[in-house]
Every structure is written in structure tokens, then in C-alpha cells.
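All of the numbers you see were taken from the coordinates with simple rules; none came from a lab. Just so it is clear, the model here is predicted, and its values are computed rather than measured. With ideal geometry, Cβ positions are generated from the backbone for all residues, glycine too; neighbour counts draw on all protein chains shown.
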Amino acid sequence: MKRLLSRTVLAGAAVAALALVPTAAHAAGSGGVTGAAFYVDGARYRTVATPNDLSRTGAPAKSFDVIYDFGGAQPNVATAAPGDTDYNGGRWRVHALAFPGGYQTAVDAGDTDGDGVLDSDAELQLAIDAGAAIDTGVVASFTCPVIPLR
């Protein structure tokens with residue numbers, strides 16, 4: 001029972017990290033197809049939430065791509081998608097973000113295309129370099145596909 005509860009909690013964390021709309025099915029850890037879940041290089045993507053946990057696999061960090069969790073301030077940002085030469089096939093480490101001066105300060109520091117959000121890892125990196133966003137570390141590791149919105 002403890003192991004099942006732990007998997008359910010970790011699956012729930014993965015779902016939350018993707019900024020999915022909460023449903024009873026997701027809360028139970030069963031996963032499912034999402035709407036627009038995150039940005040990659042300015043484009044919106046969706047996914048299929050999968051209730052799995054890769055945090056104890058011992059896999060090297062380079063075998064994962066990163067999803068930056070904006071804590072609900074905006075859709076999250078991933079560092080790669082299918083077709084990118086460095087895409088790791090849907091293996092993710094979620095990094096939480098903090099905004100010491102507030103989210104809008106981070107947007108002001110990094111939004112180079114003027115659309116009011118940080119929608120690429122390059123824009124996010126500008127906000128991090130300016131001290132307006134802080135990567136607070138890994139909060140989840142899991143697999144899920146990346147599906148472009150048409």
C-alpha cells in the first residue's frame with residue numbers, strides 16, 4: 001500500500017508539473033491525454049500523462065530533457081521535442097522555478113518576442129541570467145510523449 005501511495009503521489013507530481021487540468025483520473029494517477037501542456041521553442045505541445053517515476057533509476061542526467069515548472073504562472077517550458085537532435089525520447093526531469101521579484105519581472109527580463117510569456121528555454125535562460133528566475137532543482141522524473149498541437 002505504501003508503494004502504491006508513493007507511485008500515486010509521484011504520478012500526481014508529474015501531472016502537476018505539466019500544468020495539466022486536474023481531473024479525478026489524473027489525481028488517481030491513471031494519466032491521460034492533455035490539452036496544451038507546455039512550450040518548446042515557442043510552439044505549444046500536449047502530452048499523454050503517464051503514471052511512472054524514474055527518480056530512482058540511476059540514469060545519467062544527460063539521458064533526460066528538462067521541463068521547467070512555472071508553478072502555474074504560465075504553461076511550462078521544455079528544452080526539446082521530437083526532431084531536435086538532442087531530444088531524449090520523452091524522458092523528463094522537471095525543474096521547479098522561483099521568481100524572487102515576481103513572475104512579471106522574469107517575463108520582463110526574458111520575453112524577447114513580446115508575447116507576454118517565456119515560451120522557450122532561451123527566453124527562460126535570459127530571465128535566469130538576470131536573476132529574475134531561479135532553477136530550484138529537480139522535483140520529478142518520468143516519461144511522457146511530446147505531441148505538437150496543430
Report whether or not D111 is in contact with a Lys or Arg (Cβ under 9 Å, 6 or more places away or on another chain), over 22 Å from S55 (Cα atoms) and surrounded by 14 or more Cβ atoms within 10 Å (Cβ to Cβ).
no
Just to verify a result, which residue in the stretch 59-109, among those that are among the small types (G, A, S) and closer than 16 Å to T47 by Cβ, is nearest to the chain's Cα centre (by Cα)?
A78
I need the full set of residues from the stretch 110-144 which are within 17 Å of the chain's Cα centre (by Cα), among the β-branched types (V, I, T) and in a loop (DSSP other than H, G, I, E, B), in order please.
V117
